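Heads up: the structure comes next, in structure tokens.
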Amino acid sequence: MRARLGNLGPMAAVAAMAVLLYLPLVVIANYPLAQRALERGAVMDCDGPLACAFSLRNPVVPAPGQLLAGIYNLLLPLDSPSAIPINAFWTGAETLVGLALAALVGFLFAVGLVLSRAFELSVLPWIVASQTVPIIALAPMLVVLLGQYGVQGWLPKAIIAAYIAFFPVTIGLAKGLRSPDSLTLDLMKTYRATTLQTFLKVRLPASLPYLFTAFRISTAAALIGAIIAEMSTISFYGLGKMLSENARASDVVGTWVLMIASAALGILLVACVGWVERLVTPWRR
Amino acid sequence: MATLDPSLAGTGRRAAGGGPPFAAVLALTAGHLLLLYFVLLWWDRSEVASAGWRFALFLATLVAAFGLSRLAGWIAEHPAGRAIRFLPAAFTMILALLAAEALLRAYQVPAGLIPTPTEVLVVLWQARDVLLQDTWQTFVMEAVVGFLIGVGVALPVSLLIARSGFLQQGMMPYAAAFSSIPIPALAPVFVHMFGLDWQSKAAVVAVTVFFPVVVNVVRGLLEIDPRLLDLMRSYAANDRQVFVKARVPNALPFFFNALKLGTTLAMIGAIVGEFFGATGKGLGFRIQIEAGRFGFDIVWAAIIVASALGIAWFGLVAWLERRFTAWHVSLRE
């Protein structure tokens, strides 16, 4: 159920409702804090706990004005190393490289799975089981380990993103390579197509939609992997670095802005994947 | 033996002659035995093995892998192999563990870098009290509680959305978009709002589980065969009956799919949430703190615990699914 033009009215109405519900939330969450601060005699240029709930320095839920100011502060200048855009760009790039890497290695595994029943019997159960396991838990250790062997910079983050996306991508590609029906394969046989030709002209194109379905599922997970990898080692850029710095500084508004930015990055990356999909599989439109 | 199953005759399948290929079984056994022998031989030694031994170990691994692949090929082709189809996967794991154990010991890789499987098992037993406490925190207090809250809130909300066309148009695009939001983005905000203890992680889990359940249950309630609704109308069923007897059963498989997805998401949410602040216990906390000071044996132990819990929980939901939706096409024999 994607956003469609006809949905815009109701979507805007729901968004407006969310904003209207947000204001009382700010009051409920911050009112006791503001009241206590005033009782202690804190100097704030606002009168009454109700007004002060919107201008606390460390609110539980930041007021809309504070959020907008925070977004403005963290968004500009575009190329500042402490601003969001350049950091989000690096994290996003790591995730996309990771996805490409996962597709490459996953493709090799998928070909193996399709060609050899022995390989399938030996390996596929573990790939499937890995889907129910929180493999993200390996990320902090892997990134430290890679650092020990001299793999540093953006590469280990991309590797973590890749290995998280690897399992769903492999399963998707294997399914896709198997998906052509026997009619199509028979047709290729009547054309006297070689196995390689059948592979390139039938099986490979047929696997692409499955690949992108797997991408759509695993992009958010790969992004989580990249962020966790950035947090688990010394990083000089990336949303993960910003998140861990912010957590140490306990800057609440900044945390909220980073949440919005990461969410936006996730949605943007999935949109990116969808855009590449339309580009690569034009016949499906 | 090749013609035990007459239905396969004439299908063009290559008839595998005789029993399991003797050479493959021999290679598999010999490779495993050599690796095992070396592990026992090197159990207490702390010097790097000679070049000859190291070469022999690689060779043994390769030979065993070759034997395994031939045996797996036979099992795949042979009708008699159906009962032992789990063997290749089991042997893959055994071989991987055994080869890792032998090679790590042969090269004397420090335990701080990559611990051997047996070292991990020993630590798993030695640190059982700590890990049990971590499990209680992460699995019971965070993952399961958050999961139940998320599902509990998602069900009435989905009913509401399914009843209202306005909400479908206005809410569903947001709910679908939410699946592309990374969990770490939520964790710091929730940790600040609900404190360092389990409540904040349970909240993260609840939110991550909530949206897939809503998306799936609404689809299940709405994507119903129109002929089924016509049939219900011809029975003069009222709205309530249509809902209980047609829409709810139709939504059940969707619901269980979301639950299965939710178990994995809940484990990830609880563990990742703990990376952003915890009260000194929890599997995620343990993993992060020990990875930072090269306590990789306990990291592995924690991962094993988390994986076992994840698989068991998923298995439980899959079992419930089979119990409650046994009539569904995908599960019928």
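Derivation of every value follows stated rules applied to the coordinates shown; laboratory data play no part. Since the structure is predicted, the reported quantities are computational estimates derived from the model, not experimental observations. When we count neighbours, we look across all protein chains shown, and the Cβ atoms used for this are built from the backbone with ideal geometry, even at glycine.
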Worksheet item: Average partner chain C-beta neighbours within 10 Å, per residue of B:21-34?
Response: 0
Worksheet entry | In Hz, Karplus ³J(HN,Hα) per residue of the stretch B:289-306 (6.51, -1.76, 1.60; θ = phi - 60°; x = Gly, Pro) | 5, 6, 5, x, 10, 6, x, 5, 5, 6, 4, 4, 4, 5, 5, 4, 4, 4
Discussion item. If I build a Gaussian network model for chain B, linking alpha-carbon pairs within less than 10 angstrom, which residue out of B:80, B:203, B:187 has the largest mean-square fluctuation?
Written reply: B:80
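Counting partner chain Cβ atoms within 10 Å of every residue's Cβ in B:166-178, what's the average? Working shown, then result.
Details: counts 4, 3, 3, 11, 11, 7, 7, 9, 5, 1, 4, 7, 4.
Neighbouring Cβ atoms belonging to other protein chains average 6 per residue here.
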Item to complete: At q = 0.18, 0.20 Å⁻¹, what is the base-10 log of I(q)/I(0) for the stretch B:219-333 according to the Debye formula with one equal point scatterer per Cα and no solvent? Please give it to two decimals.
Response: -0.91, -1.03
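Counting helices only, and only those DSSP H runs with n ≥ 4, report the 222 nm mean residue ellipticity of chain A as the sum of -39,500 (n - 2.57) divided by its residues, in deg cm²/dmol to the nearest 500.
Numbers: 12 runs with 211 residues, N = 285.
Mean residue ellipticity, 222 nm, calculated: -25000 deg cm²/dmol.
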Worksheet entry | Protection proxy ranking, peptides B:37-44, A:210-217, average beta carbon neighbours within 10 Å, highest first | A:210-217, B:37-44
Worksheet, complete the sentence: Total charge of the residues flanking residue A:169 in space, meaning their Cβ is under 13 Å from its Cβ, with Lys and Arg +1 and Asp and Glu -1, is +2
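Using only helices, what value at 222 nm comes out for chain B when you add -39,500 (n - 2.57) per DSSP H run of length 4 or more and divide by the total residues, to the nearest 500 deg cm²/dmol? Spell out each step's value before the answer.
Values: 14 runs with 235 residues, N = 333.
Result for chain B: -23500 deg cm²/dmol, rounded to the nearest 500.
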Discussion item. Contact order normalised by length for the stretch A:84-284, with contacts defined as Cα pairs under 8 Å and 6 or more residues apart; what percent is it?
Written reply: 31
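Remind me, relative contact order of the stretch B:6-110 in percent, using alpha carbon pairs under 8 angstrom and six or more residues apart?
Details: 94 pairs, mean separation 42.3, N = 105.
For the stretch B:6-110, the relative contact order is 40 percent.
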Item to complete: Rounded to whole Hz and in sequence order, give me ³J(HN,Hα) for the stretch A:235-252 from the Karplus expression 6.51 cos²θ - 1.76 cosθ + 1.60, θ = phi - 60°, writing x for Gly and Pro.
Response: 10, 10, 7, x, 5, x, 4, 4, 4, 6, 5, 5, 5, 5, 7, 6, 9, 5
Worksheet item: What are the ³J(HN,Hα) values, in whole Hz, obtained from phi via the Karplus relation 6.51 cos²θ - 1.76 cosθ + 1.60 with θ = phi - 60°, for each residue of the stretch B:220-227 in sequence order, with x given for Gly and Pro?
Response: x, 6, 9, 7, 10, 4, x, 5
Worksheet item: Can you tell me the Rg and the Dmax, both Å, for the Cα atoms in the stretch B:6-110?
Response: 17.1, 59
Worksheet item: Taking the radius of gyration and the Kirkwood hydrodynamic radius from Cα positions alone, what is the Rg/Rh ratio for the protein assembly as shown, to two decimal places?
Response: 1.00
Worksheet item: What is the Cα centroid distance between the stretch B:205-234 and the stretch B:39-100, reported in whole angstrom?
Response: 48
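Based on the alpha carbons, how large is the Rg to Rh ratio for the stretch A:84-284 when Rh follows Kirkwood? Let's see the in-between values first.
On the way: Rg = 19.3 Å, Rh = 18.2 Å.
Expressed as Rg/Rh, it is 1.06.
Relative contact order for chain B: what percent, with Cα pairs under 8 Å and sequence separation of 6 or more? If you can, show how the numbers build up before the last one.
On the way: 397 pairs, mean separation 59.7, N = 333.
In percent, rounded to a whole number, it is 18.
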Worksheet entry | Centre separation in Å (Cα based) which lies between the stretch A:246-268 and the stretch A:153-184 | 30
Item to complete: Rank B:240, B:54, B:293 by mean-square fluctuation in a GNM of chain B with C-alpha springs under 10 angstrom and give only the top-ranked residue.
Response: B:240
Worksheet item: If Lys and Arg each add +1 and Asp and Glu each add -1, what is the summed charge of the other residues whose beta carbon sits under 14 Å from the beta carbon of residue B:64?
Response: 0
Worksheet item: Roughly speaking, what is the centre-to-centre gap between the stretch A:206-237 and the stretch B:257-333 when only Cα atoms are used, to the nearest Å?
Response: 19
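Taking each residue in A:119-127, count the Cβ atoms of any other chain within 10 Å of its Cβ, then average. What number comes out?
On the way: counts 6, 4, 14, 16, 4, 2, 7, 4, 0.
Taking the mean over all residues of the peptide, I get 6.
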Worksheet item: Helix B:165-178 versus the longest principal axis of chain B: what angle, 0 to 90°, nearest 10, using Cα atoms?
Response: 20
Discussion item. For a bin width of 5 Å, list the pair-distance distribution of the stretch A:94-181 built from all Cα-Cα distances, rounded to whole %.
Written reply: 3, 15, 21, 21, 18, 12, 7, 2, 1, 0
Worksheet item: Could you state the per residue volume, in Å³, of the convex hull enclosing the Cα atoms of the stretch B:59-195?
Response: 254
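Under the √(5λ) rule applied to the eigenvalues of the Cα gyration tensor, what semi-axes describe the equivalent ellipsoid of chain B? Give them in Å, descending.
The three semi-axes for chain B are 46, 34, 13 Å.
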Response to the item:
When chain A is treated as a Gaussian network with springs between alpha carbons less than 10 Å apart, the largest mean-square fluctuation among A:143, A:169, A:123 is found at A:123
